[in-house]
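Working notes, structure below.
The values are calculated or read from the model by the stated rules, or taken from the named source; none is laboratory data. What you are looking at is a predicted structure, and each value in this text was computed from that prediction instead of being measured. In this analysis, Cβ positions are derived from the backbone assuming ideal geometry, glycine residues included, and neighbour counts consider all displayed protein chains. Accessible surface areas use protein heavy atoms only, side chains included; no ligands, DNA or RNA. Shrake-Rupley method; radii C 1.70, N 1.55, O 1.52, S 1.80 Å.
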Amino acid sequence: GTTAEVIIDGFAYNPTILIVNKGTTVTWTNKYPLVHRVTADKNEFVSFNASLSTGLSFSWTFTEPGNYTYYCGIHPTMNGTIVVK
């Protein structure tokens with residue numbers, strides 16, 4: 001399958017908006033020396049809430065088209081969007 005990556009560095013997800021095809025597995029990796037969380041906004045197709053210490057990763061496969069927003073459950077001003085085509 002196809003893969004894509006989001007890097008957590010500082011207090012931001014990079015890229016903030018990621019466009020992928022249906023079936024893509026997205027991996028978030030925390031490169032910052034603080035714990036961050038990847039938390040899905042309410043959606044019928046996705047539900048994740050992963051706490052990531054420095055160097056840890058979390059992956060999710062997106063199986064349905066749509067716009068999926070997420071945020072850091074610890075630092076709620078951090079947010080991002082996965083656009084699935």
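Things to note:
- Taking the chain and dividing mean pair separation by its residue count, relative contact order in percent (alpha carbons under 8 Å, at least six apart): 33
- Counting only DSSP beta bridges with both residues in the chain, the antiparallel share comes to about 65 percent.
- Sulfur and carbon atoms: percent of accessible area, the chain [1.4 Å]: 50
- About the Cα centre, charge dipole magnitude for the chain (Lys/Arg +1, Asp/Glu -1 at Cβ), debye: 20
- For the range 4-10, putting each phi into the Karplus relation 6.51 cos²θ - 1.76 cosθ + 1.60 with θ = phi - 60° gives couplings of 8, 10, 10, 9, 9, 9, x Hz, in residue order, rounded to whole numbers and with x for Gly and Pro.
- Accessible surface, per residue, of the chain when the full set of protein chains is kept, probe 1.4 Å, Å²: 56
- Ratio of Rg to Rh over the chain (Cα coordinates, Kirkwood Rh, two decimals): 0.93
- Once backbone amide H atoms are built at 1.01 Å from N, His75 has Arg37 as its partners under 5 Å, excluding neighbours fewer than 5 places away on the same chain.
- For the pair Thr69 and Glu5, label points projected 7 Å from Cα toward Cβ lie 2.8 nm apart.
- Spacing of the two label points (7 Å from each Cα toward its C-beta) at Glu44 and Thr61, in nm: 2.2
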